[in-house]
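Presented below is the structure to which this report refers.
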Amino acid sequence: MRDNHPLPISLVPTPTRQFNRAFDQRQSNRQSTLPALKLVRSTDRDDAAPAAPPPGTEPPRFASRALIYKQDPTVEEIGIRKILLNGAFQEGPRSARIEVRGVSPVAPNAMNDFIQAPGTEGFDTVHTFSIVHEALAMCQRTLGKPIRWQWNGGGDSTPIEVFPRAGETMNAFYSRDEQCLKFFFFEAPGPTPATVFTCRSFDIVAHEAGHAILDSLQPDWLDADADPQCGALHEAFGDLIAIFLALSQSDQVEALIVQTKGDLHNKTFLSDLAEEFGLALGRDNGLRNADNDKRMSEVSSEVHDLSQVFTGGIYDVLADAFELERGLGRDTEAQTLMRVSQTIFSLVLEAFRSAPERNASFADVVSGMAALCPKEGQGPGYRRAILNQFARREVIDVKAAAGNKKGASIASVRHAHLGVKANGLQDRSGCCGTLRLREYSAADRAFAGEVKALADGLGGRKATAGGTQAEAAE
Ligand SMILES: [Zn+2]
């Protein structure tokens, strides 16, 4: 068609002679320039494929938002906060590691977020799930690897079950046999009856999740016939998880710095468990007993009493390390506190993990922490704080602490009054529900021991090669 109607040449714009000369000039210049530089990101090395992130640190592909209580709802100035849960979540909420049970499942909204109204069962369900998830995630981030539950392994990847409404009693516990965390509710004593839900306490949920996590890393530490310090380390670990989990939340840390002017020994720093929550954990003032001056000679062998020496020592180390770093002016106070608490928590967690499998003592964990302190930067200052604080509390020998070389074992101080009871078991009368569960009480082992002792006893029918005497006579 076009051929039939050719455009007149006068209508076709053609380059002028000047244009052609300029074009040739530009082309010849272009030939002499270097090839364009390959675009690389500042983190890439030349011609190297980007390094794969270490296992467990791959960027999450899924995430959901959730609402939780900042602290116990009965504590003044309680707030609600949004958190981002990294991972893939299903109705429940449910993840590959954690399943909520015993309540109506909560469905995610169209944005895959779990948003419920405060004060409802749905809110409590999301809150409880979220804190267990966050406690586990914090430990996994710190160790750089996923942490299995105690029963996992050998193809078993059964998740832990979490019961926000486990029943009506004043209790909360972690059970290895039932593979679950149970949070109960009860009517608060007092003139105005009100139901207290233990799952609403950030501290209680974090504390019990701590027992579950430590039971995976150190499965023999819950045995009631171990040294009382071993049980006390379990109780202390639960409290430390609650403290360090609170300190991993930037809005919480910011508020705490403002509220206390950066004084970690200001009592408002730590959450005060409401009295009724305290009853559920078997104590009167929640985490506030973390800031104490108790020494080994001042406590009894009751496991929770004993645990306060260790928790208090770690808390003092945190306060010392914060003082060491806050004057450097590199970061804001809140940023400094978050960074310091991450460092101290990683020392704590690594030292718990590498401590002896049975009868671990406070001194074992303290030595582990001191050995893990880096030599450069603030490391020597951290190490000094660890040794000084635990020498002051009569956990380690002062002279050994003063002259200790990095890596050498640190002498523990013997305290004759801190042994097991006459029956060979720990006194756990002041502990949370976990340590008072029968499954860790060594009762079954004691039972088996008695049966064995009976077999070696006097009297009864004598066994012969062909059976008992009676059978042989027949
Ligand atoms: Zn406990």
Checklist entry - Which residues, taken from segment 98-116, are under 12 Å from Ala66 (Cα atoms) and either touching a strand residue (DSSP E or B) at 6+ places or on another chain (Cβ under 7 Å) or aliphatic (A, V, I, L, M) (or both)? => result Val106, Ala107, Pro108, Met111, Asn112, Asp113, Phe114, Ile115, Gln116
Item to check | Sole exception among (1) among the polar types (S, T, N, Q); (2) assigned to a helix (DSSP H, G or I); (3) at pLDDT below 95 for Asn292, by number | outcome: (2)
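Residues are listed down the side, and each one gets a yes or a no for (1) open to solvent by less than 100 Å² (accessible area, probe 1.4 Å); (2) at pLDDT 80 or above; (3) in contact with a helix residue (DSSP H, G or I) (Cβ under 7 Å, 6 or more places away or on another chain); (4) within 16 Å of the ligand (Cβ to nearest atom):
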{"site": "Gly433", "(1), (2), (3), (4)": "yes, yes, no, yes"}
{"site": "Arg438", "(1), (2), (3), (4)": "no, yes, no, yes"}
{"site": "Phe447", "(1), (2), (3), (4)": "no, no, no, no"}
{"site": "Glu450", "(1), (2), (3), (4)": "no, no, no, no"}
{"site": "Ala455", "(1), (2), (3), (4)": "yes, no, no, no"}
{"site": "Arg461", "(1), (2), (3), (4)": "no, no, yes, no"}
{"site": "Gly467", "(1), (2), (3), (4)": "yes, no, no, no"}
{"site": "Ala470", "(1), (2), (3), (4)": "yes, no, no, no"}
{"site": "Ala473", "(1), (2), (3), (4)": "yes, no, no, no"}
Item to check | Flag for Gly102 being open to solvent by 10 Å² or more (accessible area, probe 1.4 Å) and in a helix (DSSP H, G or I) | outcome: no
Next on the checklist: Let me spell it out: the conditions are (1) crowded, with 21+ Cβ neighbours inside 10 Å; (2) at pLDDT below 85, and Met369 meets all of them except one. Which number is the exception?
Outcome noted: (2)
Checklist entry - Going by the structure shown, is Val317 at pLDDT 95 or above, farther than 25 Å from Lys145 by Cα and either in a loop (DSSP other than H, G, I, E, B) or among the aliphatic types (A, V, I, L, M) (or both)? => result yes
Item to check | Residue satisfying all of: in segment 413-431; open to solvent by 30 Å² or more (accessible area, probe 1.4 Å) and of a type in the set (Lys, Arg); farthest from the ligand (Cβ to nearest atom) among these | outcome: Arg414
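Anything in segment 295-304 that is in a helix (DSSP H, G or I) and either surrounded by fewer than 22 Cβ atoms within 10 Å (Cβ to Cβ) or among the aliphatic types (A, V, I, L, M) (or both)? List them, or say none. Reasoning before the result, please.
If we filter segment 295-304 for residues that are in a helix (DSSP H, G or I), which is where we start, we get 296-298, 303-304.
Of everything in segment 295-304, those that are in a helix (DSSP H, G or I) and either surrounded by fewer than 22 Cβ atoms within 10 Å (Cβ to Cβ) or among the aliphatic types (A, V, I, L, M) (or both) turn out to be Met296, Ser297, Glu298, Val303.
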Checklist entry - Does Arg148 meet the test of being of a type in the set (Lys, Arg) and in contact with a Gly (Cβ under 6 Å, 6 or more places away or on another chain)? => result no
Checklist entry - How many residues does segment 321-343 hold that are among the aliphatic types (A, V, I, L, M), without any contact (Cβ under 8 Å) to a residue 60 or more places away in the chain and open to solvent by less than 10 Å² (accessible area, probe 1.4 Å)? => result 1
Checklist entry - Tally time: how many residues in segment 182-227 are over 22 Å from Ala443 (Cβ atoms) and within 16 Å of the ligand (Cβ to nearest atom)? => result 16
Next on the checklist: Taking the condition of being more than 26 Å from Asp215 (Cα to Cα), part of a helix (DSSP H, G or I) and small (Gly, Ala, Ser), how many residues in segment 320-363 meet it?
Outcome noted: 2
Item to check | Cross-chain or 6+ apart pairs with Cβ under 6 Å, segment 111-131 first and part of a loop (DSSP other than H, G, I, E, B), then open to solvent by 10 Å² or more (accessible area, probe 1.4 Å) | outcome: Asp113/Arg65; Ile115/Leu67; Gln116/Gly122; Pro118/Ile80
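The values are calculated or read from the model by the stated rules, or taken from the named source; none is laboratory data. The shown structure was predicted, so the numbers you read here are calculated from the model rather than taken from an experiment. Counting neighbours? That spans all protein chains shown, and the Cβs are built from the backbone with ideal geometry, glycine included. Just so you know, the surface numbers come from the protein's heavy atoms only, side chains and all, with ligands and any DNA or RNA stripped out. Shrake-Rupley method; radii C 1.70, N 1.55, O 1.52, S 1.80 Å.
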